[in-house]
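Enquirer: Encoded as structure tokens, here's the structure I'll be asking about.
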């Protein structure tokens, strides 16, 4: 919208100025799409991670050394290598030959979205597994004993008694993982996913305004994550109060 | 009510930690008969809780046997009537041994009624209507018929323990194991829990009770075991143990607690 009253606001700003946002009228829609991609990527990858993470956590708590070892190795590998490396291996290795061309909601081109979501989920499941393990271990051992003394199998005790209590311990940490993922997912830009970071970088390249787009991206990331983490904190406090009732 | 019908035979039961450095149980042998109310006393750290928890293999013994109704439940397999080796399913045996814990261990995310009917429905496949009716009947017997919809957090300690007792009774066990059932209670709530246990004993239930309540041991128990340092030091009727103690350790212990 050239000619809007505010397009002249930035006209004489230098390209390296922090608040040079003169690209907005032309590139603003790209940022909006970027936010959509970033949020979708974060939420989808954490949700994808939940079930594998639960399986990993249960494997970690197993008495069987082999099962425990496999889960331990998975977690160790994904926590000790950079996300960018994992992303590249998944993208070029697993999805290199198999490239699904599907479009969802008219804008999600899945040829980059799926590999990125899968890679982030694989990575996230290692972290979420540790969250689950801590949550399960935080449930009093007497609960398992009581369940077993009533004749339940160890799986029944886990499913009916321990897990429902563990989920409550774990929810705030899980929400935090989504906040982390909103930030971490920016790395997917390197593979051409059109997320928030991609919008910033593309804009910077096209307009020669080197700083403004990144300032805007930072502000948007902050505007998403800071309130979200505050809400999670508040929920956590309320849940702790509930425990003391 | 005591019989000579052996329900549980404990043979040379041992529980060692740290490769034998710590001997929580050091060779305990005792028979528990149907109808017995066996009270286990002893100083803290004497192994009496470990002994009790070994009876339903919550604590896996290092060595020895626990023969429950003819089957050694410490082993992975057993020999059936036809002489065949069968895989032992410990869950089937645990159903028949109710257990009551010091800290109640009610399930906090479930209502009292749900606590009661969970195991009967899941483990025994009991229908919900039947389980609920049975649970209501038992709750009324311990004076909590109107608390079915409450959550454990809303109950007093004494009420929680009464629920824990009837929750175990829902499985219709052959024996009830009590692990210091009144130790975590405020003094004014001890009586109501002991009263339920007394009634249970009067009804002929086989009971093994680890407790510091010497009054209960005298009044309700027909046998008293005194344990110290993982060993069974002395055994007898309440009169024998409390009024005519033989070993020095027991005399010492009684001097401190009576």
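The values are calculated or read from the model by the stated rules, or taken from the named source; none is laboratory data. Being a predicted model, the structure only gives us computed values, none of them experimental. We place every Cβ from the backbone using ideal geometry, glycine too, and count neighbours over all the protein chains shown.
Enquirer: Quick check on segment B:33-49: of everything there that is closer than 29 Å to residue A:153 by Cβ and surrounded by fewer than 22 Cβ atoms within 10 Å (Cβ to Cβ), which residue is nearest to the chain's Cα centre (by Cα)?
Expert: Filtering segment B:33-49 for residues that are closer than 29 Å to residue A:153 by Cβ and surrounded by fewer than 22 Cβ atoms within 10 Å (Cβ to Cβ), the one nearest to the chain's Cα centre (by Cα) comes out as B:49.
Enquirer: Would you pick out the residues in segment B:111-130 that are within 13 Å of chain A (Cβ to nearest Cβ) and under 27 Å from residue B:209 (Cβ atoms)?
Expert: B:115, B:116, B:117, B:118, B:119, B:120, B:123, B:124
Enquirer: Among the residues of segment B:146-164, count how many are outside any loop (DSSP other than H, G, I, E, B) and closer than 14 Å to residue B:111 by Cα.
Expert: The qualifying residues number 7.
Enquirer: Can you tell which of B:208, B:241 is within 17 Å of the chain's Cα centre (by Cα) and under 12 Å from residue B:40 (Cα atoms)?
Expert: On the way: B:241 fails: within 17 Å of the chain's Cα centre (by Cα).
Checking each option against the conditions leaves just B:208.
Enquirer: Restricting to segment B:134-145, count the residues that are farther than 22 Å from residue B:97 by Cα and assigned to a helix (DSSP H, G or I).
Expert: Of segment B:134-145, the ones farther than 22 Å from residue B:97 by Cα are B:140, B:143-145.
So of that shortlist, the ones also assigned to a helix (DSSP H, G or I) come out as B:140.
Final tally of qualifying residues: 1.
Enquirer: In segment B:197-220, what residues are assigned to a helix (DSSP H, G or I) and crowded, with 19+ Cβ neighbours inside 10 Å?
Expert: B:197, B:200, B:201, B:216, B:217, B:220
Enquirer: Of all residues in segment B:221-242, which are over 15 Å from residue B:42 (Cβ atoms) and surrounded by fewer than 16 Cβ atoms within 10 Å (Cβ to Cβ)?
Expert: B:237, B:239, B:240
Enquirer: Let me ask you something else. If you check residue B:167 against the conditions, is it in a helix (DSSP H, G or I), in contact with a helix residue (DSSP H, G or I) (Cβ under 6 Å, 6 or more places away or on another chain) and within 14 Å of chain A (Cβ to nearest Cβ)? Before you say what the answer is, go through the steps one by one.
Expert: On the way: in a helix (DSSP H, G or I): yes; in contact with a helix residue (DSSP H, G or I) (Cβ under 6 Å, 6 or more places away or on another chain): yes; within 14 Å of chain A (Cβ to nearest Cβ): yes.
Considered against the rule, which asks whether it is in a helix (DSSP H, G or I), in contact with a helix residue (DSSP H, G or I) (Cβ under 6 Å, 6 or more places away or on another chain) and within 14 Å of chain A (Cβ to nearest Cβ), residue B:167 comes out as yes.
Enquirer: List every residue pair whose Cβ atoms sit under 7 Å apart, with the two residues 6 or more apart in sequence or on different chains, where the first one lies in segment B:49-67 and is facing another protein chain (nearest Cβ under 10 Å) and under 18 Å from residue B:38 (Cβ atoms) and the second, anywhere, is part of a loop (DSSP other than H, G, I, E, B) and at pLDDT below 90.
Expert: none
Enquirer: Just checking, does segment A:165-184 include any residue being within 14 Å of another protein chain (Cβ to nearest Cβ) and at pLDDT 90 or above? Walk me through how you get there before you give the answer.
Expert: Here is the first cut: in segment A:165-184, the ones within 14 Å of another protein chain (Cβ to nearest Cβ) are A:165-171.
Restricting the remaining residues to those that are at pLDDT 90 or above gives A:165-166.
Within segment A:165-184, one or more residues are within 14 Å of another protein chain (Cβ to nearest Cβ) and at pLDDT 90 or above.
Enquirer: Return the residues of segment A:108-138 that are within 14 Å of chain B (Cβ to nearest Cβ) and surrounded by fewer than 21 Cβ atoms within 10 Å (Cβ to Cβ); say none if nothing qualifies.
Expert: Passing the criteria: only A:138.
Enquirer: Here is a further query. Out of B:173, B:181, B:108, I need the residue that is within 20 Å of residue A:162 (Cα to Cα) and either touching a residue at least 40 places away in the same chain (Cβ under 8 Å) or within 14 Å of chain A (Cβ to nearest Cβ) (or both). Which one?
Expert: Working: B:173 fails: within 20 Å of residue A:162 (Cα to Cα); B:181 fails: within 20 Å of residue A:162 (Cα to Cα).
Matching residue, one of B:173, B:181, B:108: B:108.
Enquirer: Could you please let me know if residue B:74 is more than 9 Å from chain A (Cβ to nearest Cβ), surrounded by 17 or more Cβ atoms within 10 Å (Cβ to Cβ) and under 20 Å from the mean Cα position of the chain (by Cα)? Quick ask: steps written out before the conclusion?
Expert: Values: more than 9 Å from chain A (Cβ to nearest Cβ): yes; surrounded by 17 or more Cβ atoms within 10 Å (Cβ to Cβ): yes; under 20 Å from the mean Cα position of the chain (by Cα): yes.
When the stated conditions are applied, residue B:74 passes them.
Enquirer: Here is a follow-up. Which of the residues belonging to segment A:208-229 are touching a residue at least 24 places away in the same chain (Cβ under 8 Å) and within 15 Å of residue A:181 (Cα to Cα)? Working first, answer last.
Expert: Pass one, segment A:208-229, residues touching a residue at least 24 places away in the same chain (Cβ under 8 Å): A:208-213, A:215-217, A:220-221, A:224-225, A:228-229.
Across segment A:208-229, the qualifying residues are A:220, A:221, A:224, A:225, A:228, A:229.
Enquirer: A further question follows. Whether any residue in segment B:140-153 is under 23 Å from the mean Cα position of the chain (by Cα), within 14 Å of chain A (Cβ to nearest Cβ) and surrounded by fewer than 19 Cβ atoms within 10 Å (Cβ to Cβ) is what I want to check. Working first, answer last.
Expert: As a first pass, look at segment B:140-153 and keep what is under 23 Å from the mean Cα position of the chain (by Cα): B:140-144, B:152.
Cutting the leftovers down to within 14 Å of chain A (Cβ to nearest Cβ) gives us B:152.
If we keep only those that are surrounded by fewer than 19 Cβ atoms within 10 Å (Cβ to Cβ) as well, we get none.
Among the residues of segment B:140-153, not one is under 23 Å from the mean Cα position of the chain (by Cα), within 14 Å of chain A (Cβ to nearest Cβ) and surrounded by fewer than 19 Cβ atoms within 10 Å (Cβ to Cβ), which makes the answer no.
Enquirer: For segment A:147-157, state whether one or more residues are surrounded by fewer than 18 Cβ atoms within 10 Å (Cβ to Cβ), within 14 Å of chain B (Cβ to nearest Cβ) and not in a helix (DSSP H, G or I).
Expert: Looking for residues that are surrounded by fewer than 18 Cβ atoms within 10 Å (Cβ to Cβ), within 14 Å of chain B (Cβ to nearest Cβ) and not in a helix (DSSP H, G or I), one finds at least one in segment A:147-157, hence yes.
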